[in-house]
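Bear in mind these aren't lab numbers, they're just calculated from the coordinates by the rules spelled out. On a predicted model such as this, the values are computed, not experimentally measured, just so you know. Neighbour counts run over all protein chains shown; Cβ positions are idealised from the backbone, glycine included.
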Amino acid sequence: MLERTGGLIRDYGFVARSRWRSIRVGMAPPAPGAGVKAPVLLIPGVFETWHYLEALGERLAAEGHAVHYLERLGLNREPIGETAALVQEHLDELDLRDVVVVGHSKGGLIGKHMLTVDDRDERIARLIAINTPFPGSPLARYAVSAWREFAPDRPVIRTLAQATEVNARIVSIYSAFDQYIPGSSRLDGATNVELPLVGHFRVLEDPLLLDEVARWAAEPSPRS
C-alpha cells in the first residue's frame with residue numbers, strides 16, 4: 001500500500017512538472033528533425049500538452065525517428081473523432097508514410113479512431129498506446145467536461161471497442177496499477193505489455209516505458 005501511495009504522489013508530481021514546463025518553455029514544440037527511421041507522431045491525453053510526452057520524443061529522436069507533435073491540439077479537449085480528423089490532416093498534409101503513432105490515454109483512443117476511420121490512405125503502420133482506456137473507464141460516469149467521453153456506454157467507446165480488425169496493429173502498454181483505469185488497458189488481439197509500474201502519468205518518463213516504446217517503434221510494420 002505504501003509503495004502504491006508513493007507511486008501516486010510521484011505520478012502527480014510529474015503532472016505538476018509538465019504543467020510548469022508548458023508555462024516556462026511555451027506551447028511551441030520542437031521541429032520533427034530529419035530522422036532516418038519511421039516517422040513518429042505523439043498524441044497526449046485529455047487536458048495534457050505535448051510536454052507530457054517530451055521524454056518519449058527525445059528518446060525516439062535519439063533513436064533516429066523524426067518526431068512530430070501537434071501544437072494545435074492544445075490541451076486535447078475536443079471529442080475523439082474531431083481530434084482524430086485533425087491529426088490525420090497533419091499526416092496527409094506532410095504526406096507521411098509508415099507512421100508510428102504513439103498515444104497516451106485518450107491519445108491511444110484517437111490513434112485507434114484514425115486506424116479505424118480516418119486513415120484511408122493507410123499512412124499509419126502501428127499504434128503504440130500507453131495507459132489507454134480501450135474499454136472506457138467507469139470513473140468517467142461521475143466526471144465532468146471532456147472526461148465524460150470515456151464512459152463505457154458512450155458511442156465512441158463502444159464503436160472503437162467493436163473495431164477489432166485493427167487490433168493486430170496496436171501495441172498496448174500499461175501500468176500494473178492505473179488509478180484512472182480500474183480494469184485494464186489490455187486489448188484483445190493486440191500486443192499487450194504490462195509494466196511493473198504505478199500510476200497513469202509518470203510512466204511517460206520511466207526508462208522501462210521508454211525502452212519498450214523505442215523497441216516497438218523500430219519493429220517492421222505489421223503490414224509488411
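Laid out as a table, the results:
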item	result
Sparsely packed trypsin sites (Lys or Arg not before Pro) within region 133-224, loop by DSSP, other Cβ within 10 Å at most 11	223
For region 50-110, size of Cβ-based charge dipole, Lys and Arg +1, Asp and Glu -1, in debye	260
Relative contact order for region 79-164, counting Cα pairs under 8 Å that sit 6 or more residues apart, in percent	28
Cα-only radius of gyration and Dmax that characterise region 93-224, units Å	14.3, 43
Gaussian network model of the chain, Cα within-10 Å springs - most flexible of 107, 13, 199	13
Fewest-first ranking of 37, 112, using other Cβ atoms within 10 Å as the exposure measure	37, 112
Within the chain, percent of DSSP bridges classed antiparallel, to nearest 5	0
Normalised contact order of the chain, rounded percent, pairs of Cα under 8 Å and 6 or more residues apart	20
Whole-number D in µm² s⁻¹ for the chain, Kirkwood Cα-pair radius fed into Stokes-Einstein, 25 °C, 0.890 mPa s	142
